[in-house]
Amino acid sequence: MTHDTGSPHEQSFATALAQPAYGAGAAIAPAPAATATLPVQSRQGRRAWVWLWPVLGLLALALIAYFVTFLGPAASVVGLVAALIPYAVVIATVVLIDRWEPEPKGLVFFALAWGGVGSIAFTLLFDLALTIVLPSRGDFLTSVIQAPLVEEGFKGIGLLLVFWMGRRALDGPVDGVVYGAMIGAGFAFTENIQYFAISTIEGGAGALGFTFFLRAILSPFAHAMFTACTGFALGLAARRGLGSGPALGLAAVGYVAAVLLHALWNGASFVVGGGLVGFLGYYVVLQVPIFALFVWGVVMLRREEARLTRERLGDYAAAGWFTPQEVEMLATAAGRRTGRAWAAGLPGDRSRLMTVFIRDSASLAAARQRAISGRDPQAAHDEHVLLARITATRRALLSH
């Protein structure tokens, strides 16, 4: 059979389903080159020691057994649910303080776990041992002297662990306050479970509501504020590049401040008696101004951090990595809000990219400060990593 090579309609085909070749078809663009994976900072000196997690896990199981045995499962669940409310408020506030240069998640989880498990467990064990040695202790000795000294001591051990194992993540006083507040929040959470459960057992919903008012409404930040004093001192030691010895000395000063604030709070009932009116007067006259002073201190620390960020990013601006306008945007709260609003108006809403850009820039400023101080041999590597990430994010922000 002869095969015709004329038009498609006149061609012969091998099978009934064979198709003619009408032409070359549309051109297909070549696949782009594979995008290199963005580098990441080394986790060395920025994570909790692995062996601590099983220890905390065992202590957590022991605490659960303690609550179920002595308070009962129903009351424990009620206490847990009630304690979650102030806990969520405190954690959200601390995260807000640290939102532009967030700490490594592993260290944050360790701080929460140490506060809610480790420091509580060791405090209970110490109290048990002391009860065996000194079975009859007055309320004043227990509440105003023992509790502040012991509780702030065990919470402070958690901060020292963060200082030793997460030194590269502890850049200054703001970070120290954040870790201290996280540990304090964890401690208050577990302690509140116990207080709320006992109130439910002894007085039902009325007693629970009164205890909730005192601990969750009037003083949700109390433990966070106490331990933040020790955290501030250790953060200052890290900023100055102090070794373990001098850092312990500075931490002792913060610990004394934490103990005094704690004792001042616990001593309220002994100063004004058991009446609610007298306690509220004590609270308004003394505790509210202390809390206001604490908030003012955090604001001042954030301003100092912004000044340092502007100064360090200015070093890169002088080398051409940033424009002066970008430095102002990246270092100030108003500039960051403006930057995110601008990015939200770009195609596809690129505000999340802007958030990454801001956070990496804040981390870059911190790495630059560590490099200048000479306290972190890996700071130069962090700078290179962050510059690569910032360059890629800027390119994505400005792409069409």
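The values are calculated or read from the model by the stated rules, or taken from the named source; none is laboratory data. Note that the structure is a prediction, hence the values are computed from the model and not measured. All Cβ positions, glycine included, derive from the backbone under ideal geometry; neighbour counts span all protein chains shown.
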For this session: List the number of the failed condition for LEU260; all other conditions in (1) in contact with a Pro (Cβ under 9 Å, 6 or more places away or on another chain); (2) surrounded by 18 or more Cβ atoms within 10 Å (Cβ to Cβ); (3) more than 23 Å from ARG168 (Cα to Cα) hold.
Result: (2)
For this session: Would you tally the residues in the range 214-242 being of a type outside the set (Gly, Ala, Ser) and either over 26 Å from the mean Cα position of the chain (by Cα) or not in a helix (DSSP H, G or I) (or both)?
Result: 5
For this session: Starting from residues that are touching a helix residue (DSSP H, G or I) at 6+ places or on another chain (Cβ under 6 Å) and among the aliphatic types (A, V, I, L, M), keep the ones in the range 109-141 and report whichever is farthest from ILE97 (Cα to Cα).
Result: ALA121
Seminar exercise, completed: In the range 213-242, anything of a type in the set (Phe, Trp, Tyr) and within 13 Å of ILE91 (Cα to Cα) is listed as PHE221
Problem set entry | Test: THR355 is closer than 20 Å to ILE97 by Cβ and modelled with pLDDT under 90 | no
Seminar exercise, completed: Of the residues in the range 118-170, those that are in contact with a Gly (Cβ under 7 Å, 6 or more places away or on another chain), farther than 15 Å from ALA252 by Cα and free of Cβ contacts under 8 Å to residues at least 60 places away in the same chain number 0
Problem set entry | Only one of ILE193, ILE157 that is surrounded by fewer than 19 Cβ atoms within 10 Å (Cβ to Cβ), aliphatic (A, V, I, L, M) and more than 27 Å from ALA371 (Cβ to Cβ) | ILE157
Seminar exercise, completed: Counting only residues in the range 218-237 that are among the aromatic types (Phe, Trp, Tyr) and over 18 Å from ALA169 (Cβ atoms), the one surrounded by the most Cβ atoms within 10 Å (Cβ to Cβ) is identified as PHE226
Seminar exercise, completed: By residue number, the members of the range 311-355 that are surrounded by 19 or more Cβ atoms within 10 Å (Cβ to Cβ) and aromatic (Phe, Trp, Tyr) are TYR316, PHE322
Exercise. In the range 312-321, which residue that is within 30 Å of GLY176 (Cα to Cα) and free of Cβ contacts under 8 Å to residues at least 24 places away in the same chain is farthest from the chain's Cα centre (by Cα)?
Worked result: ALA317
For this session: For the range 311-400, please list each of the helices (runs of 4 or more DSSP H) lying entirely inside it that holds at least 2 residues being touching a Pro at 6+ places or on another chain (Cβ under 6 Å).
Result: 379-398
Exercise. What number of residues within the range 356-394 are crowded, with 18+ Cβ neighbours inside 10 Å and of a type in the set (S, T, N, Q)?
Worked result: 4
For this session: Only residues in the range 41-65 that are over 15 Å from VAL108 (Cβ atoms) count as the first member; pair them with residues that are modelled with pLDDT under 90 and of a type in the set (Lys, Arg), Cβ under 7 angstrom, at least 6 apart or cross-chain, and list the lot.
Result: GLY45/ARG167; GLY45/ARG168
Problem set entry | Condition met for LEU63 (under 21 Å from the mean Cα position of the chain (by Cα), of a type in the set (A, V, I, L, M, F, W, C) and surrounded by 16 or more Cβ atoms within 10 Å (Cβ to Cβ)) | no
Seminar exercise, completed: Taking first residues from the range 334-356 that are touching a residue at least 60 places away in the same chain (Cβ under 8 Å) and second residues anywhere that are in a helix (DSSP H, G or I), the pairs with Cβ under 9 Å that are 6 or more apart or on different chains are ARG336/MET329; ARG336/LEU330; ARG336/MET354; ARG336/THR355; ARG336/ILE358
Problem set entry | Sole exception among (1) crowded, with 19+ Cβ neighbours inside 10 Å; (2) under 21 Å from ALA197 (Cβ atoms) for GLY72, by number | (1)
